[in-house]
Every structure is written in structure tokens, then in C-alpha cells.
1. Pairs needed: first member in the range 117-140, at positive phi; second member anywhere, part of a loop (DSSP other than H, G, I, E, B) and surrounded by 16 or more Cβ atoms within 10 Å (Cβ to Cβ); C-beta distance under 8 Å; at least 6 residues apart or different chains.
2. For the range 80-102, state whether one or more residues are in a loop (DSSP other than H, G, I, E, B), of a type in the set (Ser, Thr, Tyr), without any contact (Cβ under 8 Å) to a residue 60 or more places away in the chain and touching a Ser or Thr at 6+ places or on another chain (Cβ under 9 Å).
3. Is there a residue being surrounded by 12 or more Cβ atoms within 10 Å (Cβ to Cβ), part of a loop (DSSP other than H, G, I, E, B), among the hydrophobic types (A, V, I, L, M, F, W, C) and at pLDDT 95 or above anywhere in the range 167-178?
4. Can we say Ser96 is at pLDDT below 80, within 30 Å of Pro119 (Cα to Cα) and among the small types (Gly, Ala, Ser)?
5. Identify, please: which residue in the range 150-161 is surrounded by fewer than 21 Cβ atoms within 10 Å (Cβ to Cβ) and of a type in the set (Ser, Thr, Tyr) and is, among those, nearest to Gly109 (Cα to Cα)?
6. Picking from Gly197, Gly208, Gly121, Gly115, which residue would you name as being over 20 Å from Gly83 (Cα atoms) and modelled with pLDDT of 90 or more?
Amino acid sequence: MEINKFAKQKGFTLIEVMIALAIFVMLIFGVSKMLSDIFINSNQEVISMSNIDQARSALSTFTNEIRNSVTGVDGSYPLNQTGDSQIVFFSNYKVSNSAVARIRYYIDGNILYKGVVLPSGSPLSYNLLNESVKVVATGISNSGSPLFYYYDGNYNGNTSALAQPVNINQVRFVKMSLMVLNNIKQNDTSKFSISAGSAIRSVKDNLGN
């Protein structure tokens with residue numbers, strides 16, 4: 001029987017195997033990158049939502065505290081400092097034993113802090129060394145924009161804020177404005193704006209609650 005010299009060879013050549021491996025590696029890399037992006041973006045979304053929730057909670061607490069701002073136990077005026085990035089005032093909102101606390105909000109980097117000093121001693125006074133500081137919101141990026149805005153008794157929702165330096169005796173309404181980094185995706189620089197404020201009951205004249 002005559003042998004066919006042109007019979008087709010069975011199996012893969014070395015080049016075909018290398019091409020197949022290269023395609024397989026590229027597919028694995030693509031799938032891994034896609035899964036990595038999904039997990040990273042999912043984690044970023046959780047962080048973003050947490051930052052926004054923290055900001056909302058901080059604003060809610062702040063508006064109640066500033067609304068109930070009163071004269072300090074040492075006779076200090078309800079408002080003590082009225083800066084763009086820091087405010088100090090006295091309030092008895094949700095303070096134990098109905099005491100009047102010295103409350104300070106300020107921003108450092110991308111973090112909003114709250115410092116509280118309870119009165120102590122005899123006569124009662126505020127020892128700043130006893131200030132208790134905690135983080136109330138993260139991911140804050142006001143980028144030079146004021147954190148606090150102050151308004152006089154003519155404030156109607158559209159009135160311009162008082163210019164710095166602010167005369168604390170003119171202030172009747174205080175607003176906190178926060179710019180929260182979205183961070184939904186990596187390198188996302190967009191921001192979520194949220195603000196709230198309140199009239200100070202103890203010094204208001206023609207403003208509502």
C-alpha cells in the first residue's frame with residue numbers, strides 16, 4: 001500500500017500553542033482588571049455615601065446647637081469666634097445636666113472636627129485644656145470656600161453674608177456649607193454640596209426659627 005506523503009499532521013504547532021497562551025493570558029488580565037475595577041468602585045461608592053451621611057449628620061447637629069446658642073456660664077456672648085473655617089459658640093443643646101458647653105467646629109485638611117469644653121471649677125469657667133475633640137465628617141473639600149457664613153437680622157434667604165472680620169453683635173443667622181468629595185470613582189474630583197443653618201434664638205429679632 002502506498003503511503004500518502006501529503007497527509008495532514010495532527011496536533012498543534014509550537015507557534016499555535018504560543019498564540020493560544022497569549023490570548024488566554026490577555027483574557028485573564030482583562031477579566032481580572034474588570035473585577036478589580038468593580039470592587040474598587042464599589043468600595044469608593046461606600047466611602048462616598050459614608051462621607052455624605054456624616055456631613056448631613058454634622059449639619060443637623062450643628063443647626064440645633066447654633067439655634068440653642070446661649071450666654072456662657074462665665075458671661076461670654078453666645079458667639080465667641082466667627083471665622084470662615086472655625087466657629088466657637090456656647091450652647092446647651094443635648095448637654096448633660098443642662099450645662100452650657102463651649103463648642104468649636106473647625107476644619108483641618110479634609111476633616112471636620114468638633115471640640116467641646118464643659119464648664120468646671122468654682123466659679124464655673126471653660127478650661128480649654130479640657131477640650132474633647134472628635135471627628136464629625138471626612139472627605140470635606142471646600143477648597144478655599146468659607147465653611148461658615150454669617151448674616152444679620154435682614155437675612156431673607158438671598159441676602160449676602162457679612163464680610164470678614166464679622167462683628168459678632170450683628171450676627172443673627174449662621175450657616176455651615178460643606179463640599180463633600182464624591183469619590184465614586186478613582187480620581188473623581190467632583191463634589192457634593194450640602195448646607196444648612198439657623199437663626200440664634202437668644203439674639204434673634206425679626207428672624208423666624
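The values are calculated or read from the model by the stated rules, or taken from the named source; none is laboratory data. Every value quoted in this text rests on a predicted model; they were computed, and no experiment measured them. Glycine also receives a Cβ, built like all others from the backbone with ideal geometry; neighbour counts cover every protein chain displayed.
1. As it stands, the answer is Gly139/Asn183, since those pairs meet every condition given.
2. Within the range 80-102, one or more residues are in a loop (DSSP other than H, G, I, E, B), of a type in the set (Ser, Thr, Tyr), without any contact (Cβ under 8 Å) to a residue 60 or more places away in the chain and touching a Ser or Thr at 6+ places or on another chain (Cβ under 9 Å).
3. yes
4. Considered against the rule, which asks whether it is at pLDDT below 80, within 30 Å of Pro119 (Cα to Cα) and among the small types (Gly, Ala, Ser), Ser96 comes out as yes.
5. Per the stated criteria, the residue is Ser160.
6. Exactly one of Gly197, Gly208, Gly121, Gly115 is over 20 Å from Gly83 (Cα atoms) and modelled with pLDDT of 90 or more, namely Gly121.
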